[in-house]
1. 7 Å from Cα along Cα→Cβ at both Ser52 and Ser112: what's the point-to-point distance in nm?
2. Could you work out the helix-only [θ] at 222 nm for the chain, with each DSSP H run of four or more residues adding -39,500 (n - 2.57) and the total divided by the number of residues, to the nearest 500 deg cm²/dmol?
3. Taking the Cβ of Glu58 as the center, what net charge do the other residues with Cβ under 14 Å away carry, scoring Lys and Arg +1 and Asp and Glu -1?
4. Taking the chain as a Gaussian network, Cα atoms linked when under 10 Å apart, which of Arg135, Arg93, Arg69 shows the biggest mean-square fluctuation?
5. Roughly to the nearest percent, how much of the accessible area of the chain is carbon and sulfur, given a 1.4 Å probe?
6. Anything over 22 Å Cα to Cα? Flag those among Lys106/Lys127; Lys47/Lys122; Lys38/Lys116; Lys81/Lys114; Lys38/Lys80, in the order listed.
7. Skip the ligands, DNA and RNA, and give the accessible area per residue of region 17-85 with a 1.4 Å probe, whole Å².
8. When the chain is treated as a GNM, springs tying every alpha-carbon pair under 10 Å, which of Asp72, Asp91, Asp99 comes out with the largest mean-square fluctuation?
Amino acid sequence: MKYAHSINLTVFSYENENIQNILDAFLKFFPFSLEENKIGLKKTEAKGATESNITIFEAVLTKTNLINRFLDFILSNLDKKQKELILKQIDSRLDESLDFFIRFDKEEWINSNKLKLTDSGKCFHLKINVAAFPRKREVALKIVNELFKNKGFAP
């Protein structure tokens with residue numbers, strides 16, 4: 001089943017952080033090689049509000065088999081409580097473009113290899129463009145519900 005048209009993962013690395021640690025943690029999200037699958041890793045340099053340097057890493061998945069493998073990896077790393085929380089907040093996480101948003105705590109993933117939901121800005125940003133046919137909010141909500149109620153799926 002096609003759950004998403006695309007998946008976008010982004011993380012900001014701030015001046016006081018070890019950029020290599022952030023990049024390594026970012027790459028751990030993917031249960032496959034970005035390079036071997038010809039997926040670009042975008043690196044952007046920016047200035048923060050206090051003129052500090054920020055490095056932004058971003059990868060976009062569009063191939064259904066890679067999206068499914070990625071989602072399976074995410075689902076297998078979320079415990080039951082985290083999935084329940086996502087489902088409880090499902091309505092506020094889905095926007096009018098049918099993009100579904102999740103934030104994972106950066107420190108928890110880097111230090112403990114655990115996905116923990118967060119509302120803070122120091123996080124990995126995940127945007128899932130839900131593959132809803134017809135393209136309606138109710139259909140997208142049903143797909144996300146199905147995805148997070150299941151433990152995972154075989155690619």
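The values are calculated or read from the model by the stated rules, or taken from the named source; none is laboratory data. Bear in mind that the values here come from a model prediction, so they are computed numbers and not experimental data. So basically every Cβ, Gly included, is an ideal-geometry build from the backbone, and we count neighbours across all protein chains shown. For the accessible areas, the whole protein counts, side chains as well, though only heavy atoms, and no ligand, DNA or RNA atoms are used. Shrake-Rupley method; radii C 1.70, N 1.55, O 1.52, S 1.80 Å.
1. 2.3 nm
2. Calculated at 222 nm, the ellipticity per residue is -10000 deg cm²/dmol.
3. After counting each charged neighbour, the total is +2.
4. Result for the chain, Cα springs under 10 Å: Arg135 fluctuates most.
5. In the chain, the share of accessible area belonging to carbon and sulfur is 49 percent.
6. Going by Cα-Cα distance, Lys38/Lys116; Lys38/Lys80 fall outside the 22 Å limit.
7. Computed with neighbouring chains in place, this is 57 Å² per residue.
8. Top of the fluctuation ranking is Asp91.
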